[in-house]
Amino acid sequence: MSVLIKNAEIINEGQRFVGSVLIEDEYIKEVYSGNAIPDNMIVNEIIDATGMILMPGVIDDQVHFREPGLTHKADIHTESMAAVAGGVTSFMEMPNTNPQTTTIQELENKYLIGAEKSLANYAFYMGATNDNIDELRKLKPSQTCGVKVFMGSSTGNMLVDNRETLSRIFAEIPFLIATHCEDEDTIRKNKLKYIEQYGDNLPVQFHPLIRDAEACYKSSSFAVELATKYNARLHVLHLSTAREIELFNNKLPLKEKKITSEACVHHLWFSDKDYAKYGNKIKWNPAIKSEDDKLKLIEALKNDLIDVVATDHAPHLESEKEGNCLKAASGGPLLQFSLLAMLEMVENGTFTIEQIVKKMCHAPSDLFRVEKRGYIKSGYYADLVLINPAVQTHVTKDIILSKCGWSPFEGDVFKHSIAKTWVNGKLAYNNGKVEENIRGRRLMFSDW
């Protein structure tokens, strides 16, 4: 099959130009600027994208799809449908499932599920524990996007709190180590303090006070210290505080950085003033913090101190989000509307669209060394998103594809809509309809 997408406004590698893209089978065959299309070109299909925006598919480096074991709230099929409907063509999924992805066998089992069920391209993290260092050492770079280390106990018994184990991980694992950084001792002390003062029926406004900036900074700075000591490849996930930014002051080109970081959409969109309106729907770990923290994260992204934007998409049923600050589940679904939310921030002048493409498409590809994805280039896989800036998206329950059935963006109206999403040259989403028979591919990674 060959498809010509013509007359689109193409956003790629910091450039914006009207042009056309030729897809042949799974790949981008050619990119044309202006009207420079051969007169004798014969294709199976021509799509006139006049007035629309064409960009690479989003690569989300942090999602929780809950399969295996937690599929009452999400699974790889439903969440990958939400992904392609939102312009996300590739994802990297976390190991805190049931069973946990802490052995190579369980890792490969997940890849089998991905091949069977995922509409988007997929990769899976291997999880670290206090006692699986020997298993981690058997890994090959092509098998995983990285090793996930929970340096805060938001996921229960995957907390890695043994300092000797942490030192061994940073010293002996030769590829990317992705960390969730919150200091457990600080969280525990804060929780006891507020319970003693106000009782144990604390509202959600206490969440960023319990999981405060000090808890984040103490853990993140320790991770950076270990990575520096052992010259390890560290990627700190979901920064939530202004203070942490000082740990990432290296302006080297991304491909040369050894220590990198990520910001998530919810930490860029919401602040603690929004708890009164949204309640537990915006309860995440790390917590959404102050307006100043939000603004400083935005500036750090624009200045390349923070490297990528992701979602930490973590569905829970609405019933699991009920209760007080100490009982309600942390996390929520974002994937389907993450790109639209970021494009809304372009509309209000927070970012440029070139910055969005850089942080959501190019940078994840470069940071994780993903092979032939994240750019609109000849020879790359045709993972593409066509955006219609003239059609709004009203977020209502009937369009939500995540299995949990809700979104913190419900009621919002975004100025753009996702018109089409291609995954490996195949149309996976088309003007409101998901092509459920499409299957993505396993992401491949270059050696570190």
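The values are calculated or read from the model by the stated rules, or taken from the named source; none is laboratory data. Quick caveat: nothing in here was measured; it's all calculated off a predicted structure. Cβ placement follows ideal geometry from the backbone for every residue including glycine, while neighbour counts extend to all protein chains displayed. Accessible surface is based on the protein model in full, side chains and every heavy atom, while ligands, DNA and RNA are left aside. Shrake-Rupley method; radii C 1.70, N 1.55, O 1.52, S 1.80 Å.
Backbone amide hydrogens, once placed in the peptide plane, bring Ala310 within less than 5 Å of Ala263, Cys264, Val265, excluding anything fewer than 5 places away on its chain. Against the empirical 2.2 N^0.38 Å (N residues), the range 172-294 has a Cα radius of gyration ratio of 1.15.
Computed over the chain, the per-residue total of -39500 (n - 2.57) for DSSP H runs of n ≥ 4 gives a 222 nm mean residue ellipticity of -7500 deg cm²/dmol, rounded to 500.
Compare the Cα positions of Ala300, Thr421, Gly323 along the charge dipole of the range 273-432 (+1 at Cβ of Lys, Arg; -1 at Cβ of Asp, Glu; about the Cα centre) and return the one farthest towards the positive end. Farthest towards the positive pole: Thr421.
Across the accessible surface of the chain, with the other protein chains kept in place and a 1.4 Å probe, carbon and sulfur atoms take up 46 percent.
Counting only protein heavy atoms and a 1.4 Å probe, the chain has 38 square angstrom of accessible area per residue. Both radii were evaluated on the Cα set of the range 242-300; the Rg over Rh quotient, with Rh as the Kirkwood radius, amounts to 1.05. Taking N as the number of residues in the range 339-415, what value does Rg over Cα atoms divided by 2.2 N^0.38 Å take? For the range 339-415, the normalised Cα radius of gyration is 1.30.
Between Leu112 and Lys372, what length comes free when the chain is fully extended (0.36 nm per residue of separation minus the Cα-Cα distance, one decimal in nm)?
Computed gain between Leu112 and Lys372 is 91.4 nm.
Here each label is just a point 7 Å from Cα along the line to Cβ, and for Lys273 and Glu347 those points are 2.0 nm apart. Which log10 I(q)/I(0) values does the range 48-94 give at q = 0.25, 0.33 Å⁻¹ under the Debye formula, counting every alpha carbon as one identical point scatterer? Each listed q corresponds, in turn, to -0.90, -1.21.
Counting only DSSP beta bridges with both residues in the chain, the antiparallel share comes to about 50 percent.
Using the Cα coordinates of the chain, the gyration tensor eigenvalues translate into equivalent-ellipsoid semi-axes of 35, 24, 21 Å, sorted from longest to shortest. One quarter of the surface of the convex hull around the alpha-carbon atoms of the range 36-157 equals 11.1 nm², the direction-averaged projected area. Could you tell me whether the range 286-340 comes out rounded, prolate or oblate from its Cα gyration tensor? Rule is a ≥ b ≥ c as square roots of the eigenvalues, rounded for a/c under 1.5, then prolate if a/b exceeds b/c, otherwise oblate. Oblate is the answer for the range 286-340, as a/c is 1.5 or above yet b/c matches or exceeds a/b.
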